[in-house]
Each structure stands twice: as C-alpha cells, then as structure tokens.
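Below is one structure, written out as structure tokens; comments come after it.
The values are calculated or read from the model by the stated rules, or taken from the named source; none is laboratory data. Being a predicted model, the structure only gives us computed values, none of them experimental. Cβ atoms come from the backbone with ideal geometry, glycine included; neighbour counts cover every protein chain shown.
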Amino acid sequence: MTTARATAFKDTPTRYVDAGGGRFAYRDLGPGTGVPVILLNHLGATLDNYDPRMVDGLATERRVIAFDNRGVGASGGKTPFSVATMARDAVTFVRAMGFDEVDLLGFSLGGFVAQEIVLTEPRLVRRLILTGTGPAGGVRIDRVTGVTLRAMLKGALTLKDPKYYLFFTRTTNGRQAARAFLERLRERTRDRDAPIAIPAFRAQLKAIHAWGTHVPQDLTVITQPTFVANGDDDLMVPTANSVDLARRIPGSKLTIYQDAGHGGIFQHHERFVAEALAFLA
C-alpha cells in the first residue's frame, strides 16, 4: 500500500484497491501514520464532492482517506439498495486497506452508513463523527427522494447545481456560502472522478427511503466517543434528527451551526475542522 503524502486534496492522485470481487477508488492524504479518518459521502456524491477545505484542514494533522463505495464514481460493482450492504462494502474497503481501527466521518447518507458500521463492527471504530444525518426511522428521512428531485428540477430550471438549494439556507449568508462551496468543488481540474451513474443514484435513493422507514435502532450501545454536527435549518435530514442522535448516543458532543443548512460543515468549515481535530485528538 502506498504511503499517504501530505498534499492538497485537489492534487491527490486517485488510487485503487481490489477487494470483495470489485475495485474501490480512493484518495489518501495527510500524515502516513496514525489512525486514519475514513470519509463516508452523501447521496449522489463521488470523490470530487468532498469539500477540499474540510479535507485539507483535517489532513493537516490526520491521515484522511476518501473513497467511492461500490458502484459509485470510479469504483466497480453494483450499488446496493440498503444501508446495511453499503456498510458491509465500506468495511470491505477498510479491511482491504489493511486497517484494524479507523475513525469515521459520515455525512448525510454516509452518516447512516457510519452508524451501521459502528453497530455491526464496533471494534473497527475508534471515534465517530456524524454530520447532516439522522437515525434509522428519523424525522422525514423517508421524504428525501421528493426533496431531492424537486431541487434537481429547480436546479435545471435555474441552471444551478441542486446542492445550491439542498445544502444551504436561502439567506444572504447561505447563498454566499453555496456559491463559495460550489466554486471550491471545481478546483480540481485533472484526474476528476466519474459522475455517479443513474442506476447507482436510484439505488441510493431507495436505500435512504428504507432507512427512513426502518425501525429505530438501539444507539445506547454505541460506546465510541461521538461528535454530531449539523446546520440549524437542514432541508434534507431535518436538524431534529441530529439532536435525537446526540440524545440517544451516550456522552456525544453536539454542535448546531447557525444560519446553516444540510451543508453546515461546509459553510462553517473552519470551525468544523477545528472542532473535529480537537475531538479526534
């Protein structure tokens, strides 16, 4: 396995590892030692949808690994229709990288996957960060498909990325943060990831809907230190879900960013990175 190099995320090469009958695409940066931080991404996202300011900030002190789960972006295979299977695929990737212990940072759908991993493979996880996400059966998670499709239609009509509407508030601060975030996502000009395929996107939507209608899980069994973060006005996974997670996971830390939406950790990336690094330390 190639040693991680301390470089900017926009310049980090895409590498591949074969595992579980498929190939996973990933990018690895920051110090080459220590417990790595594994990033678990959101609906429709590939490697190029991670905020470079967040990744670069974390990589100043921690080894950070972003990857495409099965069937997403440049990773091979077929995207599963359940969060549980996505979690098993993520564990397959982690094991193939040679890790026996990792920290998880899950955003949105990635937060669902992170919860499933810590519940099914608790010895693998040292610390847990859950952002813009919620528990199984959480408030209005089963409505994500409708919210997303309406934003995609609005984006098509206004020539804007749907994340402009989904991740940020419609206040002046929110609109400015949306434009800045989307500009950062364009910083990488070479070796960009393949966009998510329509069948993979549909599979993710089905998995999210099933998570939203799933019976609640017992989160009191999570003993790993946990940091929960979100904006105060999350359109996709309502902020009440973050409050619920923090209440149900023993001893967890909760931060709610003001005048921020689903992408609150991107809008307030400087504060989030500082809090995350302090928590992971």
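Points to keep in mind about this one:
- Test for Val94: is it under 18 Å from Glu187 (Cα atoms) and buried (at least 21 other Cβ atoms within 10 Å of the Cβ): no
- Those residues of the range 200-257 which are within 27 Å of Glu101 (Cα to Cα), among the β-branched types (Val, Ile, Thr) and out of contact with any Leu (no Cβ under 8 Å at 6 or more places or on another chain), in sequence order: Thr220, Thr223, Thr255
- When the range 62-72 is filtered for residues that are within 15 Å of the chain's Cα centre (by Cα) and either at positive phi or not in a strand (DSSP E or B) (or both), the ones remaining, listed by number, are Asp68, Asn69, Arg70, Val72.
- The condition of being in contact (Cβ under 8 Å) with a residue 60 or more places away in the chain, touching a helix residue (DSSP H, G or I) at 6+ places or on another chain (Cβ under 7 Å) and among the β-branched types (Val, Ile, Thr) holds for only one of Val118, Val102, Val91, that being Val102.
- Test: residue in the range 203-212 that is surrounded by fewer than 18 Cβ atoms within 10 Å (Cβ to Cβ), closer than 14 Å to Phe112 by Cβ and among the basic types (Lys, Arg): yes
- Scanning the range 247-281 for residues that are surrounded by fewer than 17 Cβ atoms within 10 Å (Cβ to Cβ), touching a helix residue (DSSP H, G or I) at 6+ places or on another chain (Cβ under 8 Å) and either outside any helix (DSSP H, G or I) or of a type in the set (Val, Ile, Thr) (or both) turns up Pro250, Lys253, Leu254.
- Criterion (over 14 Å from the mean Cα position of the chain (by Cα), at positive phi and surrounded by fewer than 19 Cβ atoms within 10 Å (Cβ to Cβ)) met by exactly one of Leu153, Leu119, Leu159: Leu159
Yes/no matrix, rows are residues, columns are (1) outside any helix (DSSP H, G or I); (2) under 22 Å from Phe181 (Cβ atoms); (3) modelled with pLDDT under 95:
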site: His42; (1), (2), (3): yes, yes, no
site: Ala74; (1), (2), (3): yes, no, no
site: Lys78; (1), (2), (3): yes, no, no
site: Thr85; (1), (2), (3): no, no, no
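- Residues that are out of contact with any helix residue (DSSP H, G or I) (no Cβ under 7 Å at 6 or more places or on another chain), closer than 24 Å to Arg15 by Cα and not hydroxyl-bearing (Ser, Thr, Tyr), drawn from the range 186-210: Arg186, Arg190, Asp191, Ala194, Pro195, Ile196, Ala197, Ile198, Pro199, Ala200, Phe201
- Selected residue [charged (D, E, K, R), within 30 Å of Pro216 (Cα to Cα) and touching a strand residue (DSSP E or B) at 6+ places or on another chain (Cβ under 9 Å)] from Asp28, Asp103, Asp18, Asp56: Asp103
- Yes/no for Thr239 being touching a residue at least 60 places away in the same chain (Cβ under 8 Å), surrounded by 15 or more Cβ atoms within 10 Å (Cβ to Cβ), farther than 25 Å from Asp68 by Cα and hydroxyl-bearing (Ser, Thr, Tyr): no
- Unique match (being surrounded by fewer than 20 Cβ atoms within 10 Å (Cβ to Cβ), touching a residue at least 40 places away in the same chain (Cβ under 8 Å) and under 28 Å from Lys206 (Cβ atoms)) among Asn49, Asn69, Asn41: Asn49
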